[in-house]
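The values are calculated or read from the model by the stated rules, or taken from the named source; none is laboratory data. Nothing here was measured: the structure is a model prediction, and the numbers come from that model. Glycine also receives a Cβ, built like all others from the backbone with ideal geometry; neighbour counts cover every protein chain displayed.
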Amino acid sequence: MGLLDRFIKWFKDSAERRRFLNEFNSNASVAFQSLSVDTLLEAKSCSGNSDSSYRHELSAPFMFSGIAVEAKAGSQIPVDDIILIGKIILSNQVLVRRMFVLHWDTLIVRDTRTGKFVDWRIRDFMSFGGLLYERR
Amino acid sequence: MWFFKKKRDTEQDILIKRIKAEQLDMKDLFSNINNRSEVETLYKELCKLSHPDKFDKEPVKKEIAKELFAQIQTNRNNYNQLMELKGMIEVQLLKE
């Protein structure tokens, strides 16, 4: 796929990326307000990791290739919990696949109050699994 | 005319469309995030309960245990799935 094609595809999907972030944020806010989670999480698009090993075939331009999940309010999150939240997000295959096709290549989980963060390569957690088998 | 002709979808485009059409369950995700402190304990407990080596003398149960043990590994960070598996272990392995 040429560079121009990739850029056009990324641009076409920007509305879908925004819709995905809005859906995540509204669900996070409902969960926080109903006291079912102790931390308010917010997802936003940001620059990804500059390391080339993070990039994949559908990666967006570097400045927009990261998705950050930030703890905004509520109790502070220790690093162990940051890692656990990341693992929980990445163990959800539907979510990982969606982030992959929406051109993100880096998942960052960050506590804005302490500034601590951990990032993951999304492509490492990607498995087309059943989807490919189903089509045969 | 050739420049108005719509490009045919490639295999990759079809796969991407299917992925975008998948149903996302955000509520499940946030419930897993909320129960994150209990996930590790539950995982260890279930590993102990369903370890296939425990059922060496009962071949039928050993097969079931192998399957459940594999499912526990794949759902390691999914609290709701682990709770469902706990119920299955109690019914299929632990009852006399």
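Structure notes:
- When the test is whether a residue is of a type in the set (A, V, I, L, M), crowded, with 18+ Cβ neighbours inside 10 Å and under 14 Å from the mean Cα position of the chain (by Cα), B:Leu68 passes it.
- Here segment A:94-129 is the region considered, the condition is being polar (S, T, N, Q) and out of contact with any Asp or Glu (no Cβ under 9 Å at 6 or more places or on another chain), and the residue that is nearest to the other protein chains (Cβ to nearest Cβ) is A:Ser127.
- The set of residues in segment A:17-50 that are farther than 18 Å from A:Gly86 by Cβ, of a type outside the set (S, T, N, Q) and touching a residue at least 12 places away in the same chain (Cβ under 8 Å) comprises A:Arg17, A:Phe32.
- Condition met for A:Ala71 (at negative phi and assigned to a strand (DSSP E or B)): yes
Residue-by-condition table, conditions (1) loosely packed, with under 15 Cβ neighbours inside 10 Å; (2) farther than 18 Å from A:Val96 by Cβ; (3) of a type outside the set (S, T, N, Q):
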position	(1), (2), (3)
B:Ser37	yes, yes, no
B:Cys47	yes, yes, yes
B:Asp53	yes, yes, yes
B:Asn78	no, no, no
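- Looking at B:Glu84, B:Glu22, just one residue is among the acidic types (Asp, Glu), out of contact with any strand residue (DSSP E or B) (no Cβ under 8 Å at 6 or more places or on another chain), away from chain A (no Cβ under 14 Å) and under 30 Å from A:Ala28 (Cβ atoms), and that residue is B:Glu84.
- Looking at A:Asp119, A:Asp105, just one residue is at pLDDT 90 or above, under 12 Å from the mean Cα position of the chain (by Cα) and crowded, with 21+ Cβ neighbours inside 10 Å, and that residue is A:Asp105.
- A residue that is surrounded by fewer than 14 Cβ atoms within 10 Å (Cβ to Cβ), within 12 Å of chain B (Cβ to nearest Cβ), hydroxyl-bearing (Ser, Thr, Tyr) and farther than 16 Å from B:Arg36 by Cβ occurs nowhere in segment A:56-78.
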